[in-house]
1. What single numbered condition from (1) open to solvent by 30 Å² or more (accessible area, probe 1.4 Å); (2) outside any loop (DSSP other than H, G, I, E, B); (3) not hydrophobic (A, V, I, L, M, F, W, C) fails to hold for residue 225?
2. Give me a count of the residues in segment 279-293 that are closer than 22 Å to residue 219 by Cα and out of contact with any Lys or Arg (no Cβ under 9 Å at 6 or more places or on another chain).
3. Look at segment 270-292 and say how many of its residues are surrounded by fewer than 17 Cβ atoms within 10 Å (Cβ to Cβ) and assigned to a loop (DSSP other than H, G, I, E, B).
4. So which residues in segment 156-175 are assigned to a loop (DSSP other than H, G, I, E, B) and closer than 16 Å to residue 267 by Cβ, if there are any at all?
5. Could you please find all residues in segment 39-75 being touching a strand residue (DSSP E or B) at 6+ places or on another chain (Cβ under 6 Å) and closer than 13 Å to residue 282 by Cβ?
6. Return the only residue of 235, 241 being closer than 30 Å to residue 68 by Cα and either at pLDDT 90 or above or open to solvent by less than 30 Å² (accessible area, probe 1.4 Å) (or both).
7. Condition first: open to solvent by 30 Å² or more (accessible area, probe 1.4 Å) and free of Cβ contacts under 8 Å to residues at least 24 places away in the same chain. Can you find one or more residues in segment 169-176 that meet it?
Amino acid sequence: MKRTALQTPRARAARTPSGFTLIELLVVIAIIAILIALLLPAVQQAREAARRTQCRNNLMNLGLALHNYMMAHEVLPPGTQNLTGPINNLPAGPAAEDGSGSVSSPIDLTVHRHMGWITQILPYFEQQNAYKKIDFTRSVYAPENATVRNYLIGTLQCPSDPSPTRNEESVYSSYRGCHHDSEALIDVDQNGVFFLNSAVSYEGIEDGSSSTLFVGEAPGGWNSTLGWMSGTRATLRNTGTEINAKNVDPATQAARKGEDPDGTVVGGFGSYHVGGSHFTLGDGGVRYISENIELRILQQLAHRRDGGLVDDY
């Protein structure tokens with residue numbers, strides 16, 4: 001009888017099948033899924049931090065441009081230029097003969113109608129070519145200014161803003177100057193630093209530049225479609241409402257279509273950043289202000305000459 005040789009442990013190990021069992025594979029997949037779930041929020045936070053940094057840099061550039069403009073002209077640029085007021089947030093403004101607000105209305109487009117503050121500072125943040133192409137003898141909405149009105153300027157775009165940067169007629173801005181400390185139509189002699197035909201000097205900022213808001217965020221689609229050249233609510237806002245208040249939220253505005261036929265609501269500031277919004281103050285500094293700030297303090301910051309003492313915020 002033939003005898004079978006005893007198998008050594010090494011031989012038995014060599015014949016053992018290699019690879020993962022189904023249970024082992026499922027455990028590995030579960031571990032990878034957990035790691036991805038932990039990693040994704042960190043990646044999103046890092047991306048948002050980068051977007052906030054870019055947004056902050058944009059506002060710093062605008063603040064520097066405003067300071068350079070003031071050094072050259074001794075006053076801040078007018079918030080908007082128009083022969084009549086107050087300003088309605090419609091393309092033709094309050095002077096439209098047929099009341100429709102359409103650029104096809106038989107109105108005089110040689111007036112500086114709605115020429116906004118951003119147009120004045122273009123040469124001070126490396127946009128000389130755009131400035132040279134603007135016909136300042138015509139309205140913002142005139143055909144002669146259509147090319148510049150549709151020009152996309154990166155400095156005016158917050159990277160966290162998911163809304164489209166343009167419509168069929170103009171490009172939006174994510175940044176708006178402060179015209180008043182309460183909800184009101186844009187008019188002359190208001191309490192902010194940018195309003196109708198304004199020319200505010202540093203002496204006129206009696207509360208001090210470090211305690212006065214110049215520019216803040218209000219993303220492109222928020223209650224405006226007129227574009228970055230327009231000196232309307234497209235580039236001007238007030239502190240009549242809290243930061244990120246519901247009445248400036250895009251979804252709320254979509255539900256309110258048709259409720260503001262005369263363009264009388266200007267609206268407040270806000271952003272798509274979590275919990276607040278960036279602002280440029282008069283001293284050139286950029287501050288991230290929480291949406292939980294007291295409205296009273298926010299209004300004090302918007303008022304350039306109220307004489308009040310601003311609490312810590």
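The values are calculated or read from the model by the stated rules, or taken from the named source; none is laboratory data. These numbers come from a predicted model, not from an experiment. All Cβ positions, glycine included, derive from the backbone under ideal geometry; neighbour counts span all protein chains shown. Heads up: the accessible areas ignore ligands, DNA and RNA and are worked out on the full protein's heavy atoms, side chains in. Shrake-Rupley method; radii C 1.70, N 1.55, O 1.52, S 1.80 Å.
1. Unmet condition: (2).
2. Adding up the residues that qualify gives 8.
3. 6
4. So the first thing to find is which residues in segment 156-175 are assigned to a loop (DSSP other than H, G, I, E, B), and the list is 157-165, 167-170, 172-174.
Listed by number, the residues that qualify are 161, 163, 172, 173, 174.
5. 59, 62, 63
6. One residue alone meets the criteria, 235.
7. No, segment 169-176 contains no residue that is open to solvent by 30 Å² or more (accessible area, probe 1.4 Å) and free of Cβ contacts under 8 Å to residues at least 24 places away in the same chain.
One line per residue, one yes/no per condition, for (1) under 19 Å from residue 170 (Cβ atoms); (2) modelled with pLDDT of 60 or more; (3) open to solvent by less than 10 Å² (accessible area, probe 1.4 Å); (4) not in a loop (DSSP other than H, G, I, E, B):
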site	(1), (2), (3), (4)
77	no, yes, yes, no
85	no, yes, no, no
91	yes, yes, no, no
94	no, no, no, yes
97	no, no, no, no
108	no, no, no, no
112	yes, yes, no, no
120	yes, yes, no, yes
